[in-house]
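The values are calculated or read from the model by the stated rules, or taken from the named source; none is laboratory data. A quick note: this is a predicted structure, and the numbers were derived from the prediction, not measured. When we count neighbours, we look across all protein chains shown, and the Cβ atoms used for this are built from the backbone with ideal geometry, even at glycine. To get the accessible areas, we keep the full protein, side chains included, count just its heavy atoms, and leave off ligands, DNA and RNA. Shrake-Rupley method; radii C 1.70, N 1.55, O 1.52, S 1.80 Å.
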Amino acid sequence: MVYKILDKMLGGIDGVGGLVKLFGLALVAAVGLAGAANFPYRDPQGAKETLEKTTELQQITITDSRAWLGGCSRGDVFKTKFNAVNKKGDKIEGIVCSGPFTGSMVRTTKIVPAT
């Protein structure tokens, strides 16, 4: 069944030409999966610079986890999570969203008031 589907999609996969087509398809799939495994992408350096220049947050720490969700727009390729402390001592969790055709946007996702 898989053979028939691939044969139809690739316009024939018999012989050496067919093997080359299958190898090319496998290579494209592997590269796509490798890229998808790292998506969404992080920009720790850019996120920290954005936070330092545009906010009054202190003790900024970029977290390792990728932000799959978090309110970024479609054009935002880089989604970087952070933790910080504001002037009142509240703990802030957020995300810096940015992309090649958009500016950077800081979103606060959680505020834990200082006690």
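Anything in region 24-38 that is open to solvent by 80 Å² or more (accessible area, probe 1.4 Å) and either in a loop (DSSP other than H, G, I, E, B) or at pLDDT 60 or above (or both)? List them, or say none. If you could, list the steps in order and put the result at the bottom.
If we filter region 24-38 for residues that are open to solvent by 80 Å² or more (accessible area, probe 1.4 Å), which is where we start, we get 27-28, 31, 33.
Of everything in region 24-38, just one residue is open to solvent by 80 Å² or more (accessible area, probe 1.4 Å) and either in a loop (DSSP other than H, G, I, E, B) or at pLDDT 60 or above (or both), namely L27.
Give the number of residues within region 74-109 that are open to solvent by less than 60 Å² (accessible area, probe 1.4 Å) and in a loop (DSSP other than H, G, I, E, B).
Adding up the residues that qualify gives 6.
Given the criteria modelled with pLDDT of 85 or more, touching a strand residue (DSSP E or B) at 6+ places or on another chain (Cβ under 7 Å) and surrounded by fewer than 14 Cβ atoms within 10 Å (Cβ to Cβ), does V112 qualify?
Details: modelled with pLDDT of 85 or more: yes; touching a strand residue (DSSP E or B) at 6+ places or on another chain (Cβ under 7 Å): yes; surrounded by fewer than 14 Cβ atoms within 10 Å (Cβ to Cβ): yes.
It is true that V112 is modelled with pLDDT of 85 or more, touching a strand residue (DSSP E or B) at 6+ places or on another chain (Cβ under 7 Å) and surrounded by fewer than 14 Cβ atoms within 10 Å (Cβ to Cβ).
Please indicate, with yes or no, whether at least one residue in region 59-70 is of a type outside the set (S, T, Y), modelled with pLDDT under 80, part of a loop (DSSP other than H, G, I, E, B) and open to solvent by 80 Å² or more (accessible area, probe 1.4 Å). Walk me through it before giving the result.
Going through region 59-70, the residues of a type outside the set (S, T, Y) turn out to be 59-60, 62, 64, 66-70.
From what is left, the residues that are modelled with pLDDT under 80 are 64, 66-70.
Adding the requirement that they be part of a loop (DSSP other than H, G, I, E, B) leaves 67-70.
With open to solvent by 80 Å² or more (accessible area, probe 1.4 Å) added as a condition, the list becomes 68-69.
For region 59-70, residues of a type outside the set (S, T, Y), modelled with pLDDT under 80, part of a loop (DSSP other than H, G, I, E, B) and open to solvent by 80 Å² or more (accessible area, probe 1.4 Å): present.
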